[in-house]
Amino acid sequence: MSALNRLSAALADRYRIERELGAGGMATVYLAFDIKHDRRVALKVLKPELAAVLGADRFVVEIKTTAALQHPHILPLFDSGEADGFLFYVMPFIDGETLRSKLDRETQLGVDESVKIATNVADALDYAHRHGVIHRDIKPENILLHEGRPMVADFGIALAVSAAAGGRMTETGLSLGTPHYMSPEQATAEKEISARSDIYSLASVLYEMLAGQPPHTGGSAQQIIMKIITEEPADVTSLRKSVPSNVAAAIARALEKLPADRFESAQEFAHALLDKHFTGTGTLAASAVRDGPWKNRFYAAVAIAVLASVAAVTQVTGPRASADPPAMHLRLPLQPGDRLAAPEGDNLRNADRPSRTAFTFTPDGRALVYSGVRNGRQMLFLRPLAGEVASPIAGTEGGESPFFSPDGTSLGFWAAGRLRRVSLDGGPATDIAVTPRIAGASWSDDDRIVVGVREIGLIIHSVTSAAAPDTLIRAAAGLPQWLPGGNAIVFTSDRRLDNNTAQIEAVELSSGNRTVLIAEGEDARYVSTGHLVFGRDGAMMAVRFNVDRLEVIGSPIVVIDDVMQARNGMNTGVRTGAMQVAISPHGQLAWVTGGVTPDRVATVAWLDRQGRRTPVPTIGAGAFFMARLSPDERQFALFEFGRPPRMVVVDRARQSSQTLPGPETPFILWTPDSRRLVYTGAVRDSAALVA
């Protein structure tokens, strides 16, 4: 059954769907007939990938806030809910057109008409803001024109979606806001969005009504957002001389980069548009995002949220003479059905051998290569930043830990016990070396590849000479990176198991000397500005670094406070591992948010056939897997990761438990008589536990 047929069947007792009206970034809109109230309505159904993240209960709770809004220029909310997995909301069907349709047809509107539309919308915004609701997505598509009267649609829907997602919007690959009308704080992904963001967006819409184009234009969303952050828009009178000076001044003030420099309320903006004596505060000034001393040394031009979780890309070039850097954020979703390969391995046996990251930049910074899964098949994919389609790379089946040669001609990766290379221009993949699963790899300027193998250490392979012997640096180490010059490597050391942390070291190849650089941290990367960036407890840190003396200078500071780090093991070993971060030679920085991946800690409970849940009091929380109920249902066994691993057998009737020496894997079976356990080729007699 098609999705539309399922939806129609689920809502058959309430709405009769007639036809699709259109689709947007978050929802598909249908013309429907409200059976109970005998009226036509607009039925909006959230995209499936968005609904999967939100959940029905939270969405319905959050959307109730918008249902209370009653204003002549706000399209009311009739209904909302969930039906057969679909999240929907219902609004009146307006037999008119959107402001977007009108602008597409006429390009520019009359000055008086434009100001009237803007002041009416500003009145609606002011009312909503006073009731604690911010629209967050003001654009011509969300302004309906009914008999000359503007109606703001989807009021608060963006807020409801964001709140219901609980900060997980990035999992959907969808973004809130349209690039042409985003405020700078939306473009830089500020956590707190105020009413002044709506004022900026409305001013952008008014600018387009008068000038025939938005304040900032470009060939791509990245270019548009970069201009929103870094460039001043042209004075609207330079594009249309008939615009009154007070209107131009009001628009200029509403388009200020800093929210504090805009109007305090939408009502003030409306008054300025109607006050012929309003002069504003002068010319627009480009503002910067101040993010601390380390970030101030970089010019940030582009940031893109990446892949299935969170992510963003920030262009970082050299130091800038004066202004602090802004940043730009876009989303780069995966194709439907695709997913990012788990950075810490897709099975329990390999979960303590994390790859460096699941993705990397091409050397020109124009695309990402990532390890993904499509139709159940893992391989490497190429995803241009400016495109929408990710293409599989031939010969990379099972590939993970992608990394490029410095000249960009070869892509290295690990697959099926082999370190391999392939060209993006085509041709077969070839083997470099046979190696256990690696934990990070780096390619030097002189064609050597260093890989981390946690059971062995750092292994250096020569790419150009098959006869050259491999170099082994014995260390409980992983996540290596060459330093400039090729005579030293930074890596993560597992030495500090006493307090469950890892440390960052450097090894000088000529002498073999090892130096502890950072006492608590993982996955260090050297960047050309003279810093080491590294992970610590789900944040990306940075510290100045003298690469010649292998010496850290000063104290590290937080650059990004929410970066996914793959955990190295099952409550054992070092606490965190690879940052899900990629840095291109041109300075683009891509990361996935999500913090440290949680421990596999579980509490054990008995769930009966009526759905009642009863905690098991005899064992506490732990890294439990593979619970197995005995055939007579009197006992159950669980595998618990630990040092050493153990088997826990619980007698339900006696409310007692007993531990047995654990197997190496969690795969266990009961014999049919419920008296013995079979695992790892051994049979364990459990008769003592049976009455």
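The values are calculated or read from the model by the stated rules, or taken from the named source; none is laboratory data. Bear in mind the structure is a predicted one, so any value in this text is a computation, not a measurement. Using ideal geometry, Cβ is built from the backbone for each residue, glycine included, and neighbour counts are taken over all protein chains shown. Accessible surface areas use protein heavy atoms only, side chains included; no ligands, DNA or RNA. Shrake-Rupley method; radii C 1.70, N 1.55, O 1.52, S 1.80 Å.
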Next on the checklist: If you scale each eigenvalue of the Cα gyration tensor by 5 and take the root, what three semi-axes come out for segment 17-126, rounded to whole angstrom and sorted largest first?
Outcome noted: 28, 17, 15
Item to check | Derived scalar couplings ³J(HN,Hα) [segment 429-434; Karplus, 6.51 cos²θ - 1.76 cosθ + 1.60; whole Hz; x for Gly, Pro] | outcome: 7, 10, 7, 9, 7, 8
Item to check | For residue 675, solvent-accessible area (1.4 Å; no DNA, RNA or ligand), Å² | outcome: 100 Å²
Checklist outcome for this item: With all protein chains present and a 1.4 Å probe, the order of 149, 613 from largest accessible area down is 613, 149
Checklist entry - residue 21's amide H: which non-local residues (gap 5+, or another chain) put their own amide H closer than 5 Å, with H modeled 1.01 Å from N in plane and none for Pro or chain starts? => result 29, 30, 31
Next on the checklist: Apply the Karplus curve 6.51 cos²θ - 1.76 cosθ + 1.60, θ = phi - 60°, to the phi angles in segment 404-417 and return the couplings in whole Hz, x for Gly and Pro.
Outcome noted: 9, 5, x, 7, x, 7, 10, 10, x, 6, 10, 7, 6, x
Checklist entry - What is the calculated FRET efficiency for residue 33 to residue 105, with r their C-beta to C-beta distance and R₀ = 35 Å, to the nearest 0.05? => result 0.75
Checklist outcome for this item: In the structure shown, of 36/139; 102/257; 64/227; 64/139; 44/102, the pairs separated by more than 30 angstrom at the C-alpha atoms are 36/139; 64/227
Checklist outcome for this item: Under 5 Å from the placed amide H of residue 131, counting only residues 5+ away or on other chains, we find none
Item to check | Nitroxide proxy distance, nm - points 7 Å out along Cα→Cβ at residue 425 and residue 79 | outcome: 6.1 nm
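Report the per residue volume, in Å³, of the convex hull enclosing the C-alpha atoms of segment 354-424. Working shown, then result.
On the way: hull volume 6.0 nm³, N = 71.
Given the Cα convex hull of segment 354-424, per-residue volume reads 85 Å³.
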Checklist entry - When the Karplus curve 6.51 cos²θ - 1.76 cosθ + 1.60 is applied with θ = phi - 60°, which whole-Hz ³J(HN,Hα) does each residue of segment 270-275 get, with x for Gly and Pro? => result 4, 4, 5, 5, 9, 8
